[in-house]
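The values are calculated or read from the model by the stated rules, or taken from the named source; none is laboratory data. Computed from a predicted structure; not experimentally measured. Neighbour counts are summed over all protein chains in view; Cβ atoms, including those assigned to glycine, are modelled from backbone coordinates with ideal geometry.
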Amino acid sequence: MRFRHLTVVAALAAAFPLCALAADPVPAEPAQKPWLDRALNPDQRAQLAVKAMTQQEKLRWVMSYFGNDFGAGKKVAEALVQSAGYTPGTPRLGLPALFETDAGLGVASQSGPKVRERTSLPSGLATASTWDLKAAYAGGAMIGSEARASGFNVMLAGGVNLMRDPRNGRNFEYAGEDPLLAGSMVGQAIKGIESNHVISTLKHFALNDQETGRNELDARIDKAAFRMSDLLAMELALEQSDAGSVMCSYNRVNGPYACENSYLLNDVLKRDWGFKGYVMSDWGATHSTVAAANNGLDQQSGHEFDKSPYFGGALLEAIKTGSVPQARLDDMVVRILRTMFAKGVVENPVKEGGAIDFAKNGAVSRQTAEDGMVLLKNDNRILPLAKTVRTIAIIGGHADAGVLAGGGSSLVYPVGGNAVKGLKPDVWPGPVMFHNSSPLRAIRAQAPNAKVVYDDGTDPARAARVAGQADVALVFATQWVGEALDATSLALPDNQDALIASVAGANARTVVVLENGGPVAMPWLAKVPAVLETWYPGTSGGEAIANVLFGVVNPSGHLPATFPASESQLPRPTPDGDPKQPEMQFAVNYTEGAAVGYKWFDLKGHKPLFPFGHGLSYTTFAYSGLSSQMKDGRLHVRFKVTNTGSVAGKDVPQVYVSPLAAKWEAPKRLAGWDKVALQPGESKEVEVTVEPRVLGMFDESSRTWRIGKGKYKLMLAQDAAGTGASSVTVDLPASTLDVRGRAR
Ligand code: BGC
């Protein structure tokens, strides 16, 4: 049983029960089913199918069921056990049911006795840190294949809420603070998922950027700033993936709830972006019948979480009385069915029990984890460790057993069970889960002749004594966060700052390995020579960590988010809302607008602990020949990257653009990047094509993007702080792009 928020189910008995529908007279199976003709396009097919449906059959598509026993009633029998959702099909017409599973890191399970044990990718932030579009696609393709093999044809992934607050408990599911990076990476992940004929659900639309008070809060933002930040990330992800579905979020946006917000659903998503798929609500995010239906919601998800089965009998009544047009219901169903046809869900039916190659999928997860690890600090090249090291002290973080995962609906239960049992919380959004991939074991395998000792880190003085006797000390620091919770501060929990300081005091060769949900403060940073950010590294995280520590893999991850030096640098040093009163109504005023993350830091002149884009390597890279040109109406930036060190590695050259005349929300924006693999001494020419919307300001009254005439500085650098930077300026003419960013 799982309670994810405080909404009480008013009366399950009032629901639009499946059995009641089943009792309605079912018309005969038609002799012809022209909507199954693949020669027709998905829209034509969906129109034909809806025409053949009874009103009752249509209604079944627009309200789905939680796939788990909600406690107050029984799980609907047809749903896959402990799954997120189920929407009945219309078998008479050859239209299969929808089986829905979370989420962006792999096939998750609702808690209970029959969890599915599956492969988990590292966290979304880890994938984003690869800055590698192909890696994002490969990860999506892998988890989508497991969804299909598990009997699911809808995956509730991927999340692309921008990191406006590093303490947001769900940052680990998302892709950081920059709309271009986050939108592109998540777009590729969704594309990978959908390559399996599985519908993917872009979420949480929109501005569910903190968990505290998520069911009530009103996220307030200037509309143009919204278009250039959170909405831009969603828009790019949608364009690049053609995601079949979008999940509206719990919170309100500038007044109305997201799932009955006509501006969001009708104006932005369906009209401006031309979205042809369907909008599903988050579980417990539907609040009405008429407003939700007329303002753009197409499917009430997990309706047991809502106060009422709004899209059941009440919708039927609303249509009868004319407050919701019949055409709206038809449109909802057309959108769902056209997505099923377009994504190949009808032609490729799912079945539980498909084969899963866990070794192969674990390797995909491991590679993503390796390429997403960010070497934050490496003084005196203390890393990589030599295989000949004699004694290694491993301290804390349950590194003897496994690697940490984040909590909530995205949690993928590990094959073989939880590597560390009994930790709190053990109920939603727990259990606190460790994947069975022990860093200790993997480190021993890398250095078979070394003496490797483990101390659990609960006593800093004892840990220091153990560290003092070793050649090198590796402190594993963890921060567990999860859905429905925000971190209360940037500090590592459980006295780990004191542990690290104590170990560093005893051994000058102390390396901190972080397993965390998002940016943390590091009061001990000056005392340690090396820090490796591993995020939540997933199913094969222990092996991935050992491979990076020993240089089997050269780290190439770069931060997808700024690490603040302290909370005082944030737009909201204290988050809005009171975690102890989750049903209190309040507003979060996103007055920073589009100046999110590094843009805010630039604007305020704050020096972060680590800048956006930062990431070290065991080799070095140099840039030359930076130039730019306009070609086919697009700005192209060219340069050469050379590996100037002595080992192979991958670089992430980043291009930032700053207006010299035009006025933007912040001094610069990320305009593009590449991920380049280079042998020692090797060079490659790189060309980055700049997304035109990144050069413009959105004008809400004309719904256009305006690029101001004048000079712009293009900076090529290794991070947002300008490390290794060179720059050129370019003259751009004034131009206006339509609402979708196309030249007019
Ligand atoms: C989460 C969604 C998830 C849904 C279904 C909600 O609590 O916000 O991201 O897809 O549950 O489990």
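Please verify whether segment 28-44 includes one or more residues that are farther than 17 Å from V346 by Cα, modelled with pLDDT under 95 and surrounded by 15 or more Cβ atoms within 10 Å (Cβ to Cβ). Checked against the condition, which is being farther than 17 Å from V346 by Cα, modelled with pLDDT under 95 and surrounded by 15 or more Cβ atoms within 10 Å (Cβ to Cβ), segment 28-44 yields no hits at all. Does V432 satisfy the condition of being farther than 30 Å from R465 by Cβ, in a loop (DSSP other than H, G, I, E, B), touching a residue at least 12 places away in the same chain (Cβ under 8 Å) and among the β-branched types (V, I, T)? Judged against the criteria, V432 is not a match.
Return yes when I443 is within 22 Å of R381 (Cα to Cα), without any contact (Cβ under 8 Å) to a residue 40 or more places away in the chain, β-branched (V, I, T) and in a helix (DSSP H, G or I) and no when it is not. No. In segment 96-124, the residue that is nearest to the ligand (Cβ to nearest atom) out of those that are assigned to a strand (DSSP E or B) and out of contact with any Lys or Arg (no Cβ under 9 Å at 6 or more places or on another chain) is D102. A single member of K191, K134 is surrounded by fewer than 24 Cβ atoms within 10 Å (Cβ to Cβ) and touching a helix residue (DSSP H, G or I) at 6+ places or on another chain (Cβ under 6 Å), and it is K191.
Looking only at segment 73-95, filter to residues that are polar (S, T, N, Q) and more than 22 Å from A189 (Cβ to Cβ); which one of those is nearest to the ligand (Cβ to nearest atom)? If we take residues in segment 73-95 being polar (S, T, N, Q) and more than 22 Å from A189 (Cβ to Cβ), then Q82 is nearest to the ligand (Cβ to nearest atom). Say we look at segment 391-429 and pick out the residues that are touching a Ser or Thr at 6+ places or on another chain (Cβ under 6 Å) and in a strand (DSSP E or B); which of these is surrounded by the fewest Cβ atoms within 10 Å (Cβ to Cβ)? Within segment 391-429, the match that is surrounded by the fewest Cβ atoms within 10 Å (Cβ to Cβ) is Y413. Note on segment 548-579: residues that are in a loop (DSSP other than H, G, I, E, B) and in contact with a Lys or Arg (Cβ under 8 Å, 6 or more places away or on another chain) amount to 6.
Annotation note: Cβ proximity below 8 Å between a residue of segment 700-711 that is within 16 Å of L231 (Cβ to Cβ) and a residue that is part of a strand (DSSP E or B) (sequence gap 6+ or interchain) occurs for T704/F698; T704/T736; T704/L737; W705/M697; W705/F698; W705/D699; W705/T736; W705/L737. Here D282 meets each of (1) within 24 Å of the chain's Cα centre (by Cα); (2) among the charged types (D, E, K, R); (3) away from the ligand (no atom under 16 Å from the Cβ) with one exception, condition (3).
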